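Participant: Starting off with a structure, shown below.
Nothing in this text is a laboratory measurement; each read-out follows from the coordinates by a stated rule. Because the structure is predicted, anything quoted here is derived from the model rather than measured. Neighbour counts run over all protein chains shown; Cβ positions are idealised from the backbone, glycine included.
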Amino acid sequence: MGLIEKFKKSGITSSTPKNLLINAAVLYANLKYEEGKWSGDLLGATSGGAKVSIVPDYQDIEVDGAVVKVRGMTLKQGESAYIEANLIEMTPQILQMTMAAGKVESPVKGYDLYQTKSLLEDSDYIDNIAAIGTLSDGREIIIIMENMLCTSGFEADTKNKDKSVLKCKFECFAGFEDDHDRLPVFIYYPQAPETVVSYTADMLGGMTVANIEALAAARGYTLSGTTKDDKIVSFLAQQDGTGGND
């Protein structure tokens, strides 16, 4: 907590331009991170963005004599989480998700037939849905909710000279192996980019040749020259962008 010498007129800081959440989130189904890479399937194109909601369920403990809420006298009694989106694509996957439908044998040539099911099956749940948001500096926020079920149903308005929009709500459920006092919701927030140190000739002069070469290799520089001074000049040229790798 820093000392406040003078109150500011707004909450803007030097970090504010980098931390604005811009544009509509993109939705992925079954997103996974394996061996340093993300994989998943686009859920579908949206119109009007997506809404992400994670809401704790609080219960206030009533105590005689206390006529206001008291700090520490509120308990968390669960939570709810969901993603709402207006999907504008009409794909078999989206039909099955919104209708709780299954594919059955079609009597009409050239058409697949989908029919609602009387019982919900485990396959009706989507392993996860991820909403990918973008900060104004290009970093991405990844919100993942597991065991998602479309609870909004299928309702499409068709209009002349306009696209049809499916208003979908996907709710998050705990799995059998999860803790049943909280939902499997995960938010990956990007770390601030590391500050790259700008070295001076004096700083490099205090290092050994081996240290300078190791630092250069970590940055992808290829040093030229045979003496320490040559290597320092080559390092600085590549650091400043005035000289390429030889």
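Participant: Within segment 9-43, which trypsin sites (Lys or Arg not before Pro) sit in a loop by DSSP and count at most 15 neighbouring Cβ atoms inside 10 Å?
Facilitator: Hits after loop and neighbour filter: Lys9.
Participant: What are the residues whose amide H is under 5 Å from the amide H of Ala50, where those residues sit 5 or more places off or on another chain and H is modelled from the backbone?
Facilitator: Ala25
Participant: Specify, per residue and in Å³, the volume enclosed by the convex hull of the alpha carbon atoms belonging to segment 59-154.
Facilitator: It comes to 208 Å³ per residue, whole-number rounded.
Participant: Now a separate question. With θ taken as phi - 60° and the coefficients 6.51, -1.76 and 1.60, list the Karplus ³J(HN,Hα) couplings across segment 72-77 in order, rounded to whole Hz; mark glycine and proline as x.
Facilitator: Calculated HN-Hα couplings, in order: x, 9, 10, 10, 8, 10 Hz.
Participant: Using modelled backbone amide H atoms (1.01 Å from N, in-plane), which distant-in-sequence or interchain residues come within less than 5 Å of Ala45's amide H?
Facilitator: Sorted by chain and number, the residues that satisfy this are Ile88, Glu89.
Participant: Between Asn128 and residues 5 or more places away or on another chain, which pairs have amide H atoms under 5 Å apart, with H built 1.01 Å from N, and which residues are they?
Facilitator: Correct list: Asn30, Leu31, Asn147, Met148.
Participant: Another question, then. For the pairs Lys117/Lys161; Lys109/Lys159; Lys32/Lys103, note any where the Cα-Cα span goes beyond 30 Å.
Facilitator: Cα-Cα > 30 Å for Lys117/Lys161; rest within.
Participant: Now for a different question. Give the peptides 76-87, 131-142 in descending order of average Cβ contacts within 10 Å, highest first.
Facilitator: Ranked by mean Cβ neighbours within 10 Å, highest first: 76-87, 131-142.
Participant: Can you compute the helix-only [θ] at 222 nm over the chain? Use -39500 (n - 2.57) per DSSP H run of at least 4 residues, normalise by all residues, nearest 500 deg cm²/dmol.
Facilitator: Value at 222 nm, helices only, nearest 500: -4000 deg cm²/dmol.
Participant: What is segment 124-182 by shape, rounded, prolate or oblate, if you read a ≥ b ≥ c off the alpha carbon gyration tensor as root eigenvalues and call it rounded for a/c under 1.5, prolate for a/b larger than b/c, and oblate otherwise?
Facilitator: oblate
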